[in-house]
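The values are calculated or read from the model by the stated rules, or taken from the named source; none is laboratory data. The model shown is predicted, which means the values in this text are computed figures rather than measured ones. For neighbour counting, all protein chains shown are included, and Cβ atoms are generated from backbone atoms with ideal geometry for every residue, glycine included.
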Amino acid sequence: MKKLMKLAAKASTVLAAMAMFVATSSVSTCCHCWFAQPVEPEELRNLVNNK
């Protein structure tokens, strides 16, 4: 039982480290896609607002 608890503790640590790695590696991509929007032409903006 003691060995099983040690294994579970190690596995949970590894799982938490992997989750943090995945989260930090995907945040920059998400932020880039969310905030790096191109500037829309004024004609297009007027066309959408006039409808």
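A few notes on this one:
- When residues of region 26-51 are limited to those that are modelled with pLDDT under 75 and among the polar types (S, T, N, Q), the one surrounded by the fewest Cβ atoms within 10 Å (Cβ to Cβ): Gln37
- Among the residues examined, Met1 qualifies as loosely packed, with under 10 Cβ neighbours inside 10 Å and at pLDDT 80 or above.
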